[in-house]
1. Within region 1-24, restricting attention to residues that are at pLDDT 95 or above and among the aliphatic types (A, V, I, L, M), which residue is surrounded by the most Cβ atoms within 10 Å (Cβ to Cβ)?
2. Among the residues of region 25-42, is there at least one that is open to solvent by less than 70 Å² (accessible area, probe 1.4 Å), assigned to a helix (DSSP H, G or I) and among the aromatic types (Phe, Trp, Tyr)?
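The values are calculated or read from the model by the stated rules, or taken from the named source; none is laboratory data. Since the structure is predicted, the reported quantities are computational estimates derived from the model, not experimental observations. Neighbour counts run over all protein chains shown; Cβ positions are idealised from the backbone, glycine included. Heavy atoms of the whole protein, side chains included, go into the accessibility calculation; ligands, DNA and RNA do not. Shrake-Rupley method; radii C 1.70, N 1.55, O 1.52, S 1.80 Å.
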Amino acid sequence: MKPKTTDLQIRGIPVKTRDALRRKAESKGLSMSQYLVDLIRRDVEKMPLDEWLGLVRKDPPVDLGKPAAEILREVHDEEDARWDAYFGSDTPAER
């Protein structure tokens with residue numbers, strides 16, 4: 001069964017914005033209506049940030065054993081070393 005639909009009219013859209021929307025729709029092979037319906041649907045389906053934060057805050061804290069910044073630095077350094085090896089660099093980039 002096809003879902004019910006309705007029409008929606010939006011007034012006062014600047015011409016430059018309309019033209020940009022048309023170009024984006026065309027680049028995706030969609031009509032402007034299809035593009036805008038998809039854009040609106042994606043936005044409506046997103047969980048609001050405050051709701052997401054509320055869910056995250058309910059979770060118990062995680063003990064990583066060391067500061068997260070230190071872990072991120074280690075991961076970053078490992079990635080740098082991989083790229084240095086890939087590109088044949090003898091000395092890592094200075095920070």
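1. Checked region 1-24; the qualifying residue surrounded by the most Cβ atoms within 10 Å (Cβ to Cβ) is Leu21.
2. yes
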